[in-house]
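Worksheet: the structure to be examined is printed underneath.
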Amino acid sequence: MQGYFDYNATTPLHPAARDAWLIASERHWHNASSLYREAATVKHLLDTARERLGEMLGSEPERIVFTSGATESNNAVVHLFAAKEGAVLSSSVEHPSLRTPLQRTLDHRVRFIRACSDTSLDREHFHQQVTEHNPVLVTIMAANNESGTLHPWQEAAKYCKERGVPFHCDASQWIGKMPAQALGQCDYVTGSGHKFGGPKGVGFLVMRDEQEALGFINGGPQEEGRRAGTENYPAIEAMITALEAVTQDLEITTAHQLKYRDAFAKNICREIAGVRLIGGDVARLWNTIMLVLPDHDNRKWLARLSQSGFAISTGSACSAGRDGSSIVLQALGASAEEMQRVIRISSGWETSESDWLALEIALLQVSKSFALKE
Ligand code: PLP
């Protein structure tokens, strides 16, 4: 997809996912809960899809509940712990789909773990907070949607397990881009189909045990009584097919994409005076660059790039278009003015070196056009 650099917001449907969706919709559209042969086939295909996903995540398939996406999965986790007394620890850079329900539902029981100035999780603060508060839940995302910074979720999951503290990981940006096999070690894992080439409106939650229900979507006995509502088998099939497709050559993709991305960042930082790369010194997703530009409102940059055929964003898609505020920059204590100058560039599996070069040229042209007007 030439010119599209907003993969962290959403991805185009993978061709393999489209084919899977069409076949499932044409042949297996029946209700999995009905009692005739065709319905039993859909039920069987759903179970197989769950097994394939379980295999990729290193989780027992029975722990997986299909949902409408990461927002529902994150809300479900908050809901599960709302009635339990005690503190909940969360990183300070979680997506609003987790942060907002945490604050609305648990309010003063939520404690935030600090981010370091390089955007990584402050490990010392994390250890200290777990010891001090003995929380009922710890929730730390795997990879940040704005900066791409990777968080030490494996280490955190192990630390929590040793202390008997349930651990949730929002892995929406990690899954499909990074090896996912160890995620099953977490008690709860959130994933979203449209972040890795699947359709929108479908995702999953890996749960701690095989009987636990989401609790806030009640009705029919679907998903073994754990989440009511007719299963969207075509979307589930397409999501899992997409994940299988994008993770097939992940090592090669990672090596190529890192090379293109880092060359782009180096050139931009050299050519545009005063640009700042956020999280440049820490491990990040291979596809993400968060930049603070030297001047002009980020929406002006976006509009000019859009005119040239390039789609990028201001931080998170969830805040873009409103006040453009960045949760990551907020956590780092940036000023409101600085937050108006942030942009996020996020590539995809098929982004080529020439796509990156074209974006570089376009960004430099926009920068020059601003300079000429001054
Ligand atoms: N969590 C993270 C880290 C995300 O990046 C997003 C989407 O931007 C979400 C949750 C919400 O995902 P969904 O659109 O599937 O509800």
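Results, tabulated for the structure shown:
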{"quantity": "Filter result for Val78 (within 14 Å of the ligand (Cβ to nearest atom), at pLDDT 95 or above, β-branched (Val, Ile, Thr) and under 20 Å from the mean Cα position of the chain (by Cα))", "calculated": "yes"}
{"quantity": "Residue in region 230-252 that is closer than 16 Å to Arg63 by Cα, within 16 Å of the ligand (Cβ to nearest atom) and part of a loop (DSSP other than H, G, I, E, B) present", "calculated": "no"}
{"quantity": "Residue pairs meeting the criteria (Cβ under 6 Å; at least 6 apart or on separate chains; first part of a helix (DSSP H, G or I), in region 86-103; second of a type in the set (S, T, N, Q) and within 11 Å of the ligand (Cβ to nearest atom))", "calculated": "Ser97/Thr71; Ser97/Asn74; Leu98/Asn74; Pro101/Asn75"}
{"quantity": "Test: Thr48 is within 22 Å of Thr10 (Cα to Cα), β-branched (Val, Ile, Thr) and in a helix (DSSP H, G or I)", "calculated": "no"}
{"quantity": "Residue list for region 96-110, filter: touching a Leu at 6+ places or on another chain (Cβ under 7 Å) and either within 16 Å of Gln173 (Cα to Cα) or surrounded by fewer than 18 Cβ atoms within 10 Å (Cβ to Cβ) (or both)", "calculated": "none"}
{"quantity": "Close pairs (6 angstrom Cβ cut-off, 6 or more residues apart or separate chains): aliphatic (A, V, I, L, M) in region 4-24, more than 15 Å from the ligand (Cβ to nearest atom) anywhere", "calculated": "Ala16/Thr241; Ala16/Ala245; Ala17/Thr241; Ala20/Glu237; Ala20/Thr241; Ala24/Tyr233; Ala24/Pro234; Ala24/Glu237"}
{"quantity": "Region 196-210 - residue that is over 18 Å from Val138 (Cβ atoms) and touching a Phe, Trp or Tyr at 6+ places or on another chain (Cβ under 8 Å) and, of those, nearest to the ligand (Cβ to nearest atom)", "calculated": "Gly203"}
{"quantity": "Test: residue in region 150-158 that is within 11 Å of the chain's Cα centre (by Cα), under 26 Å from Gly86 (Cα atoms) and within 14 Å of the ligand (Cβ to nearest atom)", "calculated": "no"}
{"quantity": "Unmet requirement for Ala213, which otherwise passes all of (1) within 16 Å of the ligand (Cβ to nearest atom); (2) part of a loop (DSSP other than H, G, I, E, B); (3) touching a strand residue (DSSP E or B) at 6+ places or on another chain (Cβ under 9 Å)", "calculated": "(1)"}
{"quantity": "Flag for Pro15 being in contact with a Lys or Arg (Cβ under 6 Å, 6 or more places away or on another chain) and more than 16 Å from the ligand (Cβ to nearest atom)", "calculated": "no"}
{"quantity": "Residue match in region 216-229 (condition: part of a helix (DSSP H, G or I), in contact with a Phe, Trp or Tyr (Cβ under 7 Å, 6 or more places away or on another chain), over 22 Å from Leu98 (Cα atoms) and not basic (Lys, Arg))", "calculated": "yes"}
{"quantity": "Any hit, region 70-85, residues being free of Cβ contacts under 8 Å to residues at least 24 places away in the same chain and either part of a helix (DSSP H, G or I) or surrounded by fewer than 20 Cβ atoms within 10 Å (Cβ to Cβ) (or both)", "calculated": "yes"}
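The values are calculated or read from the model by the stated rules, or taken from the named source; none is laboratory data. Because the structure is a prediction, the values reported are computed rather than measured. FYI the Cβ positions are ideal-geometry reconstructions off the backbone, even for glycines, and counts take in every protein chain you see.
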